[in-house]
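The values are calculated or read from the model by the stated rules, or taken from the named source; none is laboratory data. Bear in mind the structure is a predicted one, so any value in this text is a computation, not a measurement. Neighbour counts run over all protein chains shown; Cβ positions are idealised from the backbone, glycine included. The protein model used for the area step is the full one, side chains on, heavy atoms only, and it has no ligands, DNA or RNA in it. Shrake-Rupley method; radii C 1.70, N 1.55, O 1.52, S 1.80 Å.
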Amino acid sequence: MSKLTQRNGMRPADDQETCPICKTSRYLNPNMKFLVNPECYHKMCSACVDRIFSAGPAPCPVAGCHRTLRKARFRAQTFEDIQVEREVDIRRRVAATFNRREEEFETLLDYNNYLEEVETITFNLLNGIDLSATEKKLANYAAQNAQAISANASRASREAASLSAQQAAEREAARLRREAARREEEEEREEREELRREALTRLAAGNQGEADRIAHEMQKIVLKKSTARKQRQQMESLLKPRAGMAGAGGAAASGLAAGADNGSAALADNDTFVIKGLKPTLPVEPEKPYDPFGGYTEHREYYVLKDTYEHPWLDDVRSKPQFLAGGYDVHEYYARTMFEAFSGLCCFVGDEVAAREKASSGEVATTAAAEAAGAGGGDINMDDVF
Amino acid sequence: MKFNIDDLPVLFPYPRIYPEQYAYMCDLKRTLDAKGHCVLEMPSGTGKTVSLLSLIVAYQQYYPEHRKLIYCSRTMSEIEKALAELKALMAYRAEQLGYVEEFRGLGLTSRKNLCLHPSVKREKSGSVVDARCRSLTAGFVKEKKERGEDVDLCVYHDNLDLLEPHNLIPPGVWTIDGTIRYGEQHKQCPYFTARRMMPFCNVIIYSYHYLLDPKIAERVSKELSKDCIVVFDEAHNIDNVCIESLSIDLTEDSLRKAARGANNLERKITEMKSSDAEKLQNEYAKLVEGLRDAGDARDEDAFMANPALPDDLLKEAVPGNIRRAEHFVAFLKRFVEYLKTRMKVLHVISETPPSFLQHLKELTFIERKPLRFCAERLTSLVRTLELTNIEDYQPLQEVATFATLVATYDKGFLLILEPYESETATVPNPIFHFTCLDAAIAIKPVFDRFSSVIITSGTISPLEMYPKMLGFNTVVQESYSMTLARRSFLPMIVTRGSDQVAISSGFQIRNEPSVVRNYGNLLMEFSKITPDGIVVFFPSYLYMESIISMWQGMGILDEVWKYKLILVETPDSQETSLALETYRTACCNGRGAILLCVARGKVSEGIDFDHHYGRTVLCIGVPFQYTESRILKARLEFLRETYRIRENDFLSFDAMRHAAQCLGRVLRGKDDYGIMVLADRRFQKKRNQLPKWINQALLEQDTNLSTDMAVASAKKFLRWMAQPFKAKDQEGISTWSLNDLEKHKEKVEEDKIKELQGAQNGASSGAIGHDEFGDDDIEEALMEVDA
């Protein structure tokens, strides 16, 4: 159910030393494990669970507790405090139903009121106040808002997935950076060693009295190299884009998925849970099929393409197998030739000039945009190549 | 003496001034004029505080803005010293000017140091004093009293309300003792007098924490205006202070106590529901409206402040699911329970706040937003419940603070769970560290808010490290050398023992008998030749213990014992202060003593060994931090990725600043003298990281010594120091009278004119071909490369 229970090496708490059912102590059985059933939260060791419930459902062995328990539902306890364990179970149920998000509300106050309402319901379930009424409310709400609930749930899971992906990416990037830094240091050290060796050989080979000059020259080389390296590092750090940031916004920025039909909340019944201040949800427009030309069509305004055009030198092309075998399509040729012939015919200079003048009389900042709109925005025909 | 810096007349309370003091003041004035920040390093014992105060007070009084001075120091004794200096300065000014200026200077310290209440002041722990004081002075207690209920109040605090709020204490400079005495005479609380008078003071002197710790700063230093001059003195450790102020450690014990606190709260809520449900309802209504508590107006008695920094505070209403008191308590219980569960894991975990939050949400359905409001909601609840025994809720408060911080900051923090105390331990004792990695986070509001922040210390090299780590820009960065009439301190680097074996506290060889013996011989030799006190610094307690026991086995201690008394610092502060006292007695009666202490301990920071209390300081080994610590590793990685400071650079910088701090302990003035020995092979390469004033005095011939050479050199030095040395010898060189100062000024003027003329001539004669790197540059740049 969680990372935590999967993590090995949990330390047993001090009070988990003897099983309340069979009184076995940890001293006798060092790998004793305790389990609870979310039905009644009575603790017992795994041996007891096997012994009592292997044959099928059986009543809880704790005196006074007559609930029937099943083996499959026994699990390890996460929290030390059994009350909190139970609370978290209830919260899981409530959270699965009431999963509205802040952006679905018109004002912050509405959202806060909603949160408080949910908290009150949880509290009632926890402390057994108005249990039946609350359960009913919960069920009604779940039934009425099934669509919204599932939409929000899928969104939440998407976000969680993208978050963990992002975290993994960041960890990886950090590891790479760490390695790079180590490499850099190594290189630097090697370089320094190299230079020292070189200086020594030069000193050894040089004449007497030249030592000062050689040392000076070597110093200069060292300095130049180190400044060059520093500059290179700075350049690298400037150029390097921040890794791991790319995958971040994708899922989180996805628009408002909706589909809540809070119209049905009109029943002002006591059993229903009414949320005030929800934003009216707009039905999402169904996505259009993908258009590779971005709105351009092949519709021709000024001419109609005929099936055949009579021209003597096209006859060969239509009939001779040399051409046909090569896959030459004469219709392509028609279309292209006609397009070329008519291109430019639909340019109306007067209109464009007027549009440009109107744009330039406006604000300077928008001129470019307006020009672009004036030039290309009006007619988007395939005929007009300009 | 009186002189002018540019147009500013400065009154300096001594007849003579050191040249570096004058230079320091000039740079300070430049910074203030430019309204920028600066980093200044001035040798210890050259009167940093007095030059700072005299310049800033002169600046305040001369210019019409009357910019307020906030002087932050580290320890109580330093605060006291600064107040005494300020008092002397103001007396001198009054005498020179012929009238008393309208001026208020106050020191602020904790309630524990200032309390006058007969029973509260007897409490030992500071937090108990705070809590008890709050229970006697909180606003609701007073309301109860007015309603005729029988509750205790603090008379001293109540008397303050009878006075004029802007004139609780007459003008003048008030030392801590002075404030207490005045409070006793007039039956008024010194702590609240100081707190409430802060807006009306010209100079405030208090501890770093009042400005850096957001939990306190929000309450204490909120009202200070933007043009204040903020000074951080002894600031070489400021990055650690910043980090500590935002880090929290949770243990199993504190979580248990927090859970108990939450249960108590729950009980109180049920009680109040039956007796006074209206109050809870009022609080609830207020929270619904999103109003901040009206009682905030004077919240000096508040339970706790929000730990997040001011610009991160959310100005919106508390989320709905923690609005009701019982919901909030259940929320807290769940969170504490979750933390307890985390504590049970038996392997080390380090994770970022976002991943912690994600896991928390998966397991307990606690969202980030209510978590952010945790601290604030708890404060409001405690105020509504009118709790008086607040000290019981301290662990709960810590958890709430943790919650708010973890939900507020994504970057610059790390959560580390360490199940075992040490590598070898088998019984788990888990600690959950929430560590701040970025020193710039805590100090950023200070730089944003105040136009001039001055960071100064005796040892703050390399200067450029601090602006980098703390994220600010400086207008002036300066390190001053020490002008000396004679060579009054002898720094030496000893790299070998007399047998020519290299000595080092490096991990591989630190416990080798030859190294230990060589260190022992070094100590023995110096104990023979040094008069009076010797201070020895070790890199860590652990190493100190092992080396002392080995010395005992080698018979070295017996030999040293013949010459000096041996005293040892321990982690226990009581024992240490006893050792210090004995050490002082032994030094005073002429026998002399050796104090063995640790470079990051209490002695190395803030305890002076002036004159005969310290004639030699031996630094055994480079005081590196414990590099295997996970917190340090995380911080190193953070520094590398964020500020591009390499691990080794930072470690070396940190070690050297502590070494320099240790060395600076023995030299507290110009008439003082002392020997400084750095005993490690690795110091040879690190000498450029020492502060300028030490590095300048470290001659080439005194580096890379063996023990016998060092002893010979020290003998010669001590003989030279034994010659009579009169104050007159220093005049004109290391101390200036007014005449010398005038002469210096004239000379500077002349130099300037010459330079200008030279520049004109140079310009006419055409540019001289420059090599890419001049020779001087090469030396300097190479130093950097080596470092």
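Per-residue Cβ counts within 10 Å, from other chains only, averaged over B:130-139: what number is that?
Mean inter-chain Cβ contacts per residue within 10 Å come to 0.
At a probe size of 1.4 Å, how large is the accessible area of residue A:45, to the nearest 10 Å²?
So the heavy atoms of residue A:45 present about 0 Å² to solvent.
Taking only DSSP H segments of four or more residues, each worth -39500 (n - 2.57), what value at 222 nm results for the protein assembly as shown once the sum is divided by all its residues, to the nearest 500 deg cm²/dmol?
Working: 46 runs with 593 residues, N = 1173.
The helix contribution divided over the protein assembly as shown gives -16000 deg cm²/dmol.
About the Cα centre of the range B:476-595, what is the dipole size in debye to 20, counting +1 per Lys and Arg Cβ and -1 per Asp and Glu Cβ, all else neutral?
460
Give the Cα extents of the range A:150-237 along the principal axes, in whole Å, largest first.
On the principal axes, the range A:150-237 reaches 88, 19, 10 Å in Cα extent.
Would you list which aspartates and glutamates come within 14 Å of residue B:145, measuring only between C-alpha atoms, while excluding same-chain residues fewer than 8 positions from it?
B:158, B:386
How long are the semi-axes of the ellipsoid equivalent to the range A:301-357, from square roots of 5 times the Cα gyration tensor eigenvalues, in whole Å, largest first?
After scaling each eigenvalue by five and taking roots: 36, 11, 8 Å.
Please compute, for the alpha-carbon atoms of the range A:179-220, the extent along each of the three principal axes and give them in descending order in Å.
45, 16, 6
On average, how many beta carbons from a partner chain sit within 10 Å of the beta carbon of a residue in B:341-350?
Mean number of neighbouring Cβ atoms from other chains: 4.
Give me Rg over Rh for the range B:489-726, both radii from the alpha carbons and Rh done the Kirkwood way, two decimal places.
That ratio equals 0.96.
For residue B:474, tell me the accessible area in Å² from a 1.4 Å probe, rounded to the nearest 10.
Accessible area of residue B:474: about 40 Å².
DSSP loop (so not H, G, I, E, B), at most 11 other Cβ within 10 Å: list which GluC sites (Glu not before Pro) in the range B:95-193 pass both filters.
Here the GluC sites (Glu not before Pro) that fit, given the DSSP loop and packing criteria, are B:102, B:149.
Mind giving me the FRET efficiency for residue A:357 and residue A:330? R0 is 41 Å, r the Cβ-Cβ distance, nearest 0.05 is fine.
About 0.35, to the nearest 0.05.
Pairs B:112/B:340; B:81/B:121; B:68/B:124; A:33/B:633; B:29/B:747; B:692/B:728: which exceed 25 Å Cα-Cα?
Over 25 Å Cα-Cα: B:112/B:340; B:68/B:124; A:33/B:633; B:692/B:728.
Please go through the range A:62-131 and write out the GluC sites (Glu not before Pro) that DSSP classes as loop and that have at most 14 other C-beta atoms within 10 Å.
Here the sparse-neighbourhood loop sites are A:106.
Report the convex hull volume per residue for the range B:645-772, counting only C-alpha atoms, in Å³.
Measuring per residue, one finds 205 Å³ for the Cα hull of the range B:645-772.
Just report the Cα centroid separation between the range A:108-179 and the range A:16-75, whole Å.
Centre-to-centre (Cα) distance: 32 Å.
Go from 0 up to the bin containing the longest alpha carbon distance in the range B:304-411, width 5 Å each, and give me the % of pairs per bin.
2, 11, 22, 25, 20, 12, 5, 2, 0
For the protein assembly as shown, divide the Cα radius of gyration by the Kirkwood radius and give the resulting Rg/Rh value with two decimals.
1.05
I'd like the orientation of helix B:176-186 relative to chain B: the angle between its Cα long axis and the longest Cα principal axis, in ° from 0 to 90, rounded to 10.
40
By accessible area of protein heavy atoms, probe 1.4 Å, what ranking do B:736, B:551, B:561 get, highest first?
Final ranking, largest accessible area leading: B:561, B:736, B:551.
Which residues of the range A:106-127 show a drop of at least 40 Å² in accessible area when all protein chains are present, compared with their chain alone (probe radius 1.4 Å, heavy atoms only, ligands and nucleic acids excluded)?
A:108, A:112, A:115, A:116, A:119, A:123
Students sometimes get this wrong: rank B:702, B:152, B:532 by accessible area, probe 1.4 Å, all chains present, largest first.
From most exposed to least exposed: B:152, B:532, B:702.
Convex hull over the Cα atoms of the range B:113-169, averaged projected area in nm²?
For the range B:113-169, averaging the hull's shadow over all directions gives 4.6 nm².
Sort A:135-147, B:382-394, B:270-282 by packing, meaning the average of other beta carbons within 10 Å per residue, with the highest value first.
Result, highest mean Cβ count within 10 Å first: B:382-394, A:135-147, B:270-282.
With the convex hull built on the Cα atoms of the range A:100-199, state its orientation-averaged projected area in nm². Show your work: numbers first, answer last.
Working: hull surface 46.3 nm².
For the range A:100-199, averaging the hull's shadow over all directions gives 11.6 nm².
Mind listing the Cα extents of the range B:1-61 along all three principal axes, in Å, largest one first?
30, 25, 15
Which one, B:481, B:426, B:676, projects farthest toward the positive side of the charge dipole computed for chain B from Cβ point charges (K/R +1, D/E -1)?
It is B:426.
How large, in Å, is the range B:246-437 by the Kirkwood hydrodynamic radius built from its alpha-carbon pairs? If you can, show how the numbers build up before the last one.
Details: mean 1/r = 0.0577 Å⁻¹.
Mean inverse Cα-Cα distance, inverted, gives 17.3 Å.
So which GluC sites (Glu not before Pro) in the range A:283-357 are both in a DSSP loop and have at most 13 other Cβ atoms within 10 Å of their Cβ?
A:287, A:298, A:301, A:310
Taking a cut-off of 13 Å, what percent of all Cα-Cα pairs in the range B:79-141 are separated by more than that?
Within the range B:79-141, distances greater than 13 Å cover 70 percent of Cα pairs.
So how do B:142, A:23 rank on accessible area, 1.4 Å probe, biggest first, that is with the largest at the start?
Ranking B:142, A:23 by accessible area, largest first, yields A:23, B:142.
If you build the Cα gyration tensor of chain B and take the root of 5 times each eigenvalue, what three semi-axes come out, in whole angstrom, biggest first?
With the √(5λ) rule applied to chain B, the semi-axes are 48, 35, 27 Å.
Heads up, I need the accessible area for residue A:114: 1.4 angstrom probe, whole protein in place, Å², nearest 10.
The value for residue A:114 is about 10 Å².
Among the aspartates and glutamates, which fall within straight-line cross-link reach of residue B:670, defined as a Cα-Cα distance under 15 Å, with same-chain neighbours fewer than 8 residues apart omitted?
Result set, ordered by chain and number: B:20, B:608, B:610, B:729, B:731.
For the range B:12-161, evaluate the Debye formula with one uniform point scatterer on each Cα (no solvent term) and list log10 I(q)/I(0) at q = 0.20 Å⁻¹, rounded to two decimals.
Taking Cα atoms of the range B:12-161 as identical point scatterers yields -1.21.
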